[in-house]
Amino acid sequence: MADSSDFFEKVYHVVRQIPYGRVSTYGAIAKAIGAAKSARTVGYAMNASHQYDDVPAHRVVNRNGVLTGKQHFPGTQVMQQMLEAEGVKVVDDKIVDFEQHLWIPPVVSR
């Protein structure tokens with residue numbers, strides 16, 4: 001990938017596809033864009049995504065369904081509230097029935 005902005009745009013392209021009421025993971029998104037070992041960088045992209053209204057960053061969680069990015073939202077419960085508004089139940093910062101809500105993105109053609 002040419003630079004971080006190109007990487008971030010690829011991440012945002014995938015995140016915009018996460019269906020309402022579903023979530024994906026940093027690692028699944030990294031794998032979808034051909035950067036399987038870059039889950040942490042996907043996290044950096046999510047932290048920088050709040051300037052875009054059309055990137056549903058609240059739908060991206062860690063591989064165990066934990067809301068690890070919640071501190072990057074305005075208020076400690078905002079990420080949880082956004083997910084619960086979509087029908088995703090969260091208890092103790094973890095998605096209940098995570099496997100049922102998990103969306104694995106298709107690999108993006110390069």
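The values are calculated or read from the model by the stated rules, or taken from the named source; none is laboratory data. Nothing here was measured: the structure is a model prediction, and the numbers come from that model. Here the Cβ positions follow ideal geometry from the backbone for every residue, glycine too, while neighbour counts run over all protein chains shown.
When segment 6-30 is examined, which residues are found to be among the charged types (D, E, K, R) and over 19 Å from F98 (Cα atoms)?
The answer is D6, E9, K10, R16.
Go through segment 2-16 and give me each residue that's more than 17 Å from L83 (Cβ to Cβ), surrounded by fewer than 16 Cβ atoms within 10 Å (Cβ to Cβ) and not hydrophobic (A, V, I, L, M, F, W, C).
Selection gives D3, S4, S5, D6, E9, H13.
Report yes if Q80 is surrounded by 18 or more Cβ atoms within 10 Å (Cβ to Cβ) and free of Cβ contacts under 8 Å to residues at least 24 places away in the same chain, otherwise no.
yes
Give just the number: which of (1) part of a loop (DSSP other than H, G, I, E, B); (2) at pLDDT 95 or above does Q100 not satisfy?
With (1) part of a loop (DSSP other than H, G, I, E, B); (2) at pLDDT 95 or above applied to Q100, the lone miss is (1).
Any idea which of (1) free of Cβ contacts under 8 Å to residues at least 60 places away in the same chain; (2) of a type in the set (A, V, I, L, M); (3) buried (at least 20 other Cβ atoms within 10 Å of the Cβ) is the one A48 doesn't satisfy?
That leaves (3) as the condition not met.
So, in segment 51-66, exactly how many residues are under 10 Å from T25 (Cα atoms) and surrounded by fewer than 22 Cβ atoms within 10 Å (Cβ to Cβ)?
Of the residues in segment 51-66, 5 are under 10 Å from T25 (Cα atoms) and surrounded by fewer than 22 Cβ atoms within 10 Å (Cβ to Cβ).
Among the helices (runs of 4 or more DSSP H) lying completely within segment 1-88, list those that include at least 1 residues that are under 22 Å from P106 (Cβ atoms) and at pLDDT 95 or above.
4-15, 26-32, 39-48
If you go through segment 32-44 one residue at a time, how many are buried (at least 19 other Cβ atoms within 10 Å of the Cβ) and in contact (Cβ under 8 Å) with a residue 40 or more places away in the chain?
2
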